[in-house]
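The values are calculated or read from the model by the stated rules, or taken from the named source; none is laboratory data. Note that this is a predicted model, so its numbers are computed, not measured. Cβ coordinates were reconstructed from backbone atoms using ideal geometry, including for glycine residues, and neighbour counts include every protein chain displayed. Just the protein is used for accessible areas: all its heavy atoms, side chains included, with ligands, DNA and RNA removed. Shrake-Rupley method; radii C 1.70, N 1.55, O 1.52, S 1.80 Å.
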Amino acid sequence: QVRLVESGGGLVQAGGSLRLSCTASERISSIYAMGWYRQAPGKQRELVATIRSGGNPTYTDSVKGRFTISRDYTKNTVNLQMNSLKPEDTAVYYCNKIGFLERWGQGTLVTVSS
């Protein structure tokens, strides 16, 4: 099974930026869309950004215009550029396939202070 490792989280002030990376232990076919998910304390995990081959990325409304997802097939990575961060973006962020989930990685914690 593919192992997913997320990195790049940290503590940042509101308005700041972070770039998250997710590296897969093996190549994930382009037929699979990939996504970034997040889980805030006391809340369910939610999908925030999706990227699929040949299509435009999609975002949940709360992050549109601030987050950008990208994928590097040569490096087996999926990235999430997060700008204009808000305290409500505080969560553990995970990457995974869309619809055909692999085992969840450990995630990377993003904390946005006000």
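Structure data summary
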read-out: Selection count where residues are touching a residue at least 40 places away in the same chain (Cβ under 8 Å), open to solvent by 20 Å² or more (accessible area, probe 1.4 Å) and assigned to a loop (DSSP other than H, G, I, E, B), scope the stretch 63-87; value: 6
read-out: Qualifying residue in the stretch 48-61 (condition: open to solvent by 70 Å² or more (accessible area, probe 1.4 Å), free of Cβ contacts under 8 Å to residues at least 24 places away in the same chain and either in contact with a strand residue (DSSP E or B) (Cβ under 7 Å, 6 or more places away or on another chain) or not in a loop (DSSP other than H, G, I, E, B) (or both)); value: yes
read-out: Single residue of the stretch 97-111 satisfying the filter (small (Gly, Ala, Ser) and surrounded by 15 or more Cβ atoms within 10 Å (Cβ to Cβ)) that is farthest from the chain's Cα centre (by Cα); value: Gly105
read-out: Any hit, the stretch 15-24, residues being exposed (fewer than 15 other Cβ atoms within 10 Å of the Cβ), assigned to a strand (DSSP E or B) and modelled with pLDDT of 95 or more; value: yes
read-out: Test: residue in the stretch 83-97 that is closer than 20 Å to Ser25 by Cα and among the acidic types (Asp, Glu); value: no
read-out: Residues of the stretch 33-44 satisfying the condition of being surrounded by 16 or more Cβ atoms within 10 Å (Cβ to Cβ) and not in a strand (DSSP E or B); value: Ala33
read-out: Pairs where the first residue, in the stretch 18-34, is within 14 Å of Gly99 (Cα to Cα) and touching a residue at least 12 places away in the same chain (Cβ under 8 Å) and the second is surrounded by fewer than 17 Cβ atoms within 10 Å (Cβ to Cβ) and among the aliphatic types (A, V, I, L, M), C-beta under 9 Å, 6+ apart; value: Ile28/Val2; Tyr32/Ile98; Ala33/Ile98; Met34/Ile98
read-out: Verdict on Glu88 being more than 14 Å from the chain's Cα centre (by Cα), closer than 12 Å to Val5 by Cβ and of a type outside the set (A, V, I, L, M); value: no
